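To keep things clear, I will list the structure first and then write my remarks on it.
The values are calculated or read from the model by the stated rules, or taken from the named source; none is laboratory data. Predicted model only: the values in this text are computed from it and were never measured. Quick reminder, even Gly has a Cβ in these numbers, built from the backbone with ideal geometry, and neighbours come from all protein chains shown.
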Amino acid sequence: MSEAMRTHHCGVLRAEDAGRSVALCGWVARRREHGEHLAFVDLRDHTGVVQCVVDGAADLRSEFVVRITGTVRERPEGTTNDQLPTGAIEVGNCSVEILNAAEPPPFPVSDRIEADESVRLRYRYVDLRRSKMQHNLRVRSKVNSAIRHAMERQGFVEIETPMLWTPTPEGAREFLVPSRLQPGRNYVLPQSPQIAKQLLMVGGFDRYFQIARCLRDEDLRADRQFEFMQLDIEAAFTTQEEIHGFIGEAVADATEAISGERPVIETLTWTEAMERFGTDKPDLRFGMELVELTPVFSATGFKAFQAACIKGIRVPGASPDYGRSKLDGLTDRAKSLGAKGLVWMRVAAGGALESPVAKFLSDDEQAALTSTMEAQPGDLLLLVADERRLVQEVLGQLRNDIGRPPVSDGPYRFAWVTEFPMFDGVDDEGHPIAAHHPFTMPHPDDLDLLETDPGKVRSQSYDLVLNGWELGSGSIRIHRSDIQARVFKALGVTDEDAEGRFGFLLGAFRYGAPPHGGFAVGLDRLVAILAGEENIREVIAFPKASSGTDPMTGAPKPVDARVLAGLGLRTLPPST
Ligand code: ASP
């Protein structure tokens, strides 16, 4: 058997290794001349860099791939580098074998230098050598591993579901795959394994999981790619609390594997989240909760406060930081979010409220406002009056704008948000739109409202939120065809539509469907937060650029007319 190419990784060598003969492999990170013949060559692999003292290194250039053999020795006094884990030693008596030459890299392989993202993506294989990308993808691998172990430990079976599939119910635009053997027909790339996993429940696999790839043809954002990974689970003969437990174990294990911290997961209802934080994905890392002020102004003479709902947020100690132009900026922001205006008040040293509207409020109202908001001198108070949902959303957004810490700041504050409304808004034809998906079971107490007051129906669906990011959603499903028919009816889905789109699922439900429910956690987002990254592209090996293209491969690309013809397709000229 031949010897291994290397004996050690570059970044692991320490003073204790002095005297050891080593063989190292990696990339030339830097070469610095040292006297006439000698050069310092920093050799890099994924574990870090080590300084090698090389005689006759003239041929070596950045990013050459080399094998260096030599002896570890302590660095001479005064030349050690505390900043570098290997900074106490160097490798001497080196002989260098060039394994492959390299052209000068398109950008330096360094975490300190930010190259333009399009260049980074075009040369992603070079970008991946940076220690940040090495770290991020290894975080990802550990998260996957922790999750897989947690699910297996809890008795879940990993099952793969097809990529060539039929429309799924998440409601996003889908990627089509034209069929060659059945011209004119198409497969759909799955938006999620939703239907397949429900069929697995009918099939008797009562604990399923998959680290699944999902595809949705929607505009890209910092937290959204066309394709993304989910921890997807489904369980039969279960309860919502049990599902929270299963997923809670998986995400807590993953968080602990990366940070050493085991998070606790809080639970709040959707109504509570909206009332306290003005959003269904509250960031619990900071306060500034929305305070209910409607009763304080129930008999007010001030016109602008004669509204269905008034709430406020208190920004502690912020009064001195908010001059007139910053306050105008906040008002413009509130208006752009749909508010008619924003009332601001400063709490003066003696506790008096300073505000253009203070003179319209009675002494009692001012006193009640101060005590309800627990206002202290130096605080800034921001109030919005309007319809309840609008007040919540505007203040929720201002709270985030003003107080939200960067993603890299801990701690990890997970929360379950439960009892979402069944429907959210109405479509063009006036039918309510499913807030989760149409297979979600309504709250048992609200079933009778399905026909009479659908807007009031709560669902048995729940989201998992981490530090203000929605990590995923799930629900207890409808397993009875009579309830499914009522929900489809409320959604305006005709029997014919339902049969055409989901007939095979409804059919399966006639053959013994157990009660079941599930969840899916967005892994790109979870990994991004655990890696401290704002943008999920930083935790994906080969992401698409925000335009949806891949600068490295050039995809998407036109294809030959003959290939199209083979699929029964023809391209129309671009519409103008
Ligand atoms: N299929 C859903 C989604 O992708 C998750 C679930 O309900 O399990 O959002």
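A few points about this structure:
Yes/no per residue for (1) over 32 Å from the mean Cα position of the chain (by Cα); (2) buried (at least 18 other Cβ atoms within 10 Å of the Cβ); (3) more than 17 Å from THR294 (Cβ to Cβ):
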site: GLY312; (1), (2), (3): no, yes, no
site: GLY329; (1), (2), (3): no, no, yes
site: GLU365; (1), (2), (3): yes, yes, no
site: LEU398; (1), (2), (3): no, yes, yes
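- Residue within the stretch 170-181 that is under 18 Å from ASP232 (Cα atoms) and more than 22 Å from the chain's Cα centre (by Cα) present: no
- Checked across the stretch 105-119, the condition of being part of a strand (DSSP E or B) and either farther than 30 Å from ILE536 by Cβ or not small (Gly, Ala, Ser) (or both) holds for no residue.
- Candidate set: the stretch 15-31, residues that are in contact (Cβ under 8 Å) with a residue 12 or more places away in the chain and loosely packed, with under 14 Cβ neighbours inside 10 Å; chosen: the one farthest from the chain's Cα centre (by Cα): GLY19
- For the stretch 220-268, the candidate set comprises residues that are over 19 Å from the mean Cα position of the chain (by Cα) and among the small types (Gly, Ala, Ser); within that set, the residue that is farthest from the ligand (Cβ to nearest atom) is GLY260.
- Of the residues making up the stretch 89-122, those that are under 20 Å from PHE64 (Cα atoms) and touching a strand residue (DSSP E or B) at 6+ places or on another chain (Cβ under 6 Å) are GLU90, VAL91, GLY92, ASN93, CYS94, SER95, VAL96, GLU97, ILE98, LEU99, ASN100.
- Tally of residues being under 42 Å from the mean Cα position of the chain (by Cα) and buried (at least 19 other Cβ atoms within 10 Å of the Cβ) across the stretch 32-59: 10
- Taking the criterion of being within 17 Å of PHE286 (Cα to Cα) and either modelled with pLDDT under 95 or of a type outside the set (Lys, Arg) (or both), the residues of the stretch 394-406 that qualify are LEU395, GLY396, GLN397, LEU398, ASN400, ASP401, ILE402, GLY403, PRO405, PRO406.
- Where ASP424 falls short, out of the listed (1) charged (D, E, K, R); (2) in a loop (DSSP other than H, G, I, E, B); (3) within 16 Å of the ligand (Cβ to nearest atom): (2)
- Taken over the stretch 178-219, the criterion of being without any contact (Cβ under 8 Å) to a residue 60 or more places away in the chain, within 24 Å of THR571 (Cα to Cα) and not in a loop (DSSP other than H, G, I, E, B) is satisfied by ASN186, TYR187, VAL188, LEU215.
- Annotation: of all residues in the stretch 157-212 being charged (D, E, K, R) and either surrounded by fewer than 16 Cβ atoms within 10 Å (Cβ to Cβ) or under 23 Å from SER481 (Cβ atoms) (or both), the one that is farthest from the ligand (Cβ to nearest atom) is ARG180.
- Yes/no for LEU449 being under 22 Å from the mean Cα position of the chain (by Cα), more than 18 Å from HIS244 (Cα to Cα), more than 16 Å from the ligand (Cβ to nearest atom) and surrounded by 17 or more Cβ atoms within 10 Å (Cβ to Cβ): no
- Against the test of being assigned to a loop (DSSP other than H, G, I, E, B), among the aliphatic types (A, V, I, L, M) and at pLDDT 95 or above, the options LEU84, LEU24, LEU99, LEU60 yield a single qualifying residue, LEU84.
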